[in-house]
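The values are calculated or read from the model by the stated rules, or taken from the named source; none is laboratory data. Everything quoted here is computed from the prediction, not taken from an experiment. With ideal geometry, Cβ positions are generated from the backbone for all residues, glycine too; neighbour counts draw on all protein chains shown. The area values use the complete protein model at the heavy-atom level, side chains included, leaving out ligands, DNA and RNA. Shrake-Rupley method; radii C 1.70, N 1.55, O 1.52, S 1.80 Å.
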Amino acid sequence: MITLLEVGAGGLIGAPARLLVDQAVSSRTRGIFPWGTYVVNATGAFLLGLLSGLAAYHGLDRGASALLGVGFCGAYTTFS
């Protein structure tokens, strides 16, 4: 039950972050290429890779992995 709450809390932060980053980037670019989505997915993938490395090699807590990796990154990127 705690893990579910951690994932939900991460998603609660990740979804609005996606919207804000996407809008900030899209408002500064022109053309038909979705730069906002590209930036969100690139930064989200980088963060997820960083968190996976921390979990595998440096003992990142399972709760932090659920909150940041599954919750935040899942809601932040379109990989979810």
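Across 5 Å bins from the origin, how do the percents of Cα pairs in the chain run, short distances first? Distribution as computed: 3, 17, 23, 21, 16, 9, 6, 3, 1 percent. Where only DSSP H runs of four or more residues are counted, the chain gives -22000 deg cm²/dmol as its mean residue ellipticity at 222 nm, each run worth -39500 (n - 2.57). Ligands, DNA and RNA aside, Leu50 has an accessible area near 90 Å² when probed at 1.4 Å.
Ligands, DNA and RNA left out, the 1.4 Å accessible surface of the chain is 70% carbon and sulfur atoms.
Restricting the range 8-64 to trypsin sites (Lys or Arg not before Pro) that sit in a DSSP loop and have at most 13 other Cβ atoms within 10 Å of their own Cβ leaves Arg28, Arg30. Residues in the chain average 68 Å² of solvent-accessible surface per residue, probe 1.4 Å, ligands and nucleic acids excluded.
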